[in-house]
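Read-outs: derived from the displayed coordinates by stated rules, not from any lab. Source: prediction; values computed, not measured. No Cβ is skipped: glycine too gets one built from the backbone with ideal geometry, and neighbour counts run over all protein chains shown.
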Amino acid sequence: MTAEAAAVAASVGVPADPSADAELRRIQGNFTQLPSMLQDVRAGRAIERQAILGAVIEIAQITGVAVPTLKNIAACVEVLDQRIQADRIGIAPMCSAQEQTA
């Protein structure tokens, strides 16, 4: 997935490093910062899927970059978003914050 996003970025002249190891090093020790999409899911808000995933997929279509994984993830997030909006309820963590950091 990160390689696909990096390929889309490169297609418009933006260099990107899709290294999972580099990303893990970047966030290591900062596990209190939750991704905005996760915050949306937990709060029962509409997920910012179009702004985050849709924009990358749209640029990929324009530039001719294949992004099958991103499209599949976007479809799954869309189903999750529809369910959250239909139920009007967030999805709580499966374990406590203390268990997550242990």
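Computed from the Cα positions only, the extents of the chain along the three principal axes stand at 41, 35, 17 Å, in decreasing order.
The magnitude of the dipole of region 1-90, with charges of +1 and -1 set on the Cβ of Lys/Arg and Asp/Glu and taken from the Cα centre, is near 220 debye. Dipole of region 2-95 computed with +1 at Lys/Arg Cβ and -1 at Asp/Glu Cβ about the Cα centre; of Leu24, Met94, Leu53, farthest Cα towards the positive end is Met94. Shown in residue order for region 49-63 are the 3J(HN,Hα) couplings computed by the Karplus curve 6.51 cos²θ - 1.76 cosθ + 1.60 at θ = phi - 60°: 5, 5, 5, 8, 8, x, 5, 5, 5, 5, 5, 4, 5, 5, 8 Hz (x for Gly and Pro).
Compute the length gained on full extension between Thr32 and Val79: take 0.36 nm times their separation in residues and subtract their Cα-Cα distance, giving the result in nm to one decimal. Present the calculation step by step, with values, prior to reporting the outcome.
Values: separation 47, 0.36 × 47 = 16.92 nm, distance 2.66 nm.
Length gained between Thr32 and Val79: 14.3 nm.
Each Cα pair under 8 Å and six or more residues apart adds its sequence gap; the mean of these over the residue count of region 2-95 is a relative contact order of 35 percent. 3J(HN,Hα) along region 11-16, derived from phi through the Karplus expression 6.51 cos²θ - 1.76 cosθ + 1.60 where θ = phi - 60°, amounts to 5, 10, x, 10, x, 9 Hz, with x in place of Gly and Pro.
Suppose the chain between Ala22 and Ile91 were pulled fully straight at 0.36 nm per residue; how much longer would it get relative to their current alpha carbon spacing?
Values: separation 69, 0.36 × 69 = 24.84 nm, distance 2.93 nm.
Fully extending the segment from Ala22 to Ile91 adds 21.9 nm.
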